[in-house]
Amino acid sequence: MRNRGFLFVFLGALAECGWAYGLKHADSNLEYFLTGVMVCVSFYMFILGFKRLDTSVAYTLFVGLGTFFLVVVEAASELYHGGSVNLWRLFFIATLVIGVLGIKGAKS
C-alpha cells in the first residue's frame, strides 16, 4: 500500500512539471486547457498519495520530485537550444535527489 502512495506522488510530481512547463509555454486555448487538466491530475495524485503516506513524506517527495523534474526539463530545453548547464545547479539537484531517495529508503 505504501509503494502505491509513492507511485501516486511520483505521478503527481510529473503532472506538476507538465502544468508548470505548460504555464510558461502555452500559446493557445487548447494548451491552456491541457495545462488546467494537468493541474487537476497533479492535485488528485497528490491527494491519493497523502492518503497512503505520512504527510511530511508525501509533501517532501512531491515538492522535491517536482523541482527535480522541472530542472531536468529546463536543462534539456536549454541544451537543445544551444545553451549550457550550470555545474552548481547539477550539484544541488543531485543533492536533492539523494535526499528524496533517502526519505524513500528510510525505515520508520
Worksheet entry | Extension gain, SER56 back to LEU79 (0.36 nm per residue minus Cα-Cα distance, nm) | 4.9 nm
Item to complete: Return the single residue from GLY22, GLY83, GLY64 with maximal mean-square fluctuation; model: Gaussian network over the chain, springs between Cα atoms under 10 Å.
Response: GLY83
Worksheet, complete the sentence: Checked against the positive end of the charge dipole of the chain (+1 on Cβ of Lys and Arg, -1 on Cβ of Asp and Glu, about the Cα centre), the farthest of GLY12, SER56, SER28 is SER56
Practice prompt. State to the nearest 20 debye the size of the charge dipole of the chain about its Cα centre, where the only charges are +1 on K and R beta carbons and -1 on D and E beta carbons.
Written response: 600 debye
Worksheet item: What is the Å³ per residue value for the convex hull set by the Cα atoms of region 2-105?
Response: 90 Å³
Response to the item:
Measuring from its Cα centre, region 1-64 shows a charge dipole (+1 at each Lys and Arg Cβ, -1 at each Asp and Glu Cβ) which, in debye to the nearest 20, is 340 debye
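None of the figures in this text is laboratory data; all of them are computed from the coordinates on show. All values derive from a computational prediction rather than experimental measurement. When we count neighbours, we look across all protein chains shown, and the Cβ atoms used for this are built from the backbone with ideal geometry, even at glycine.
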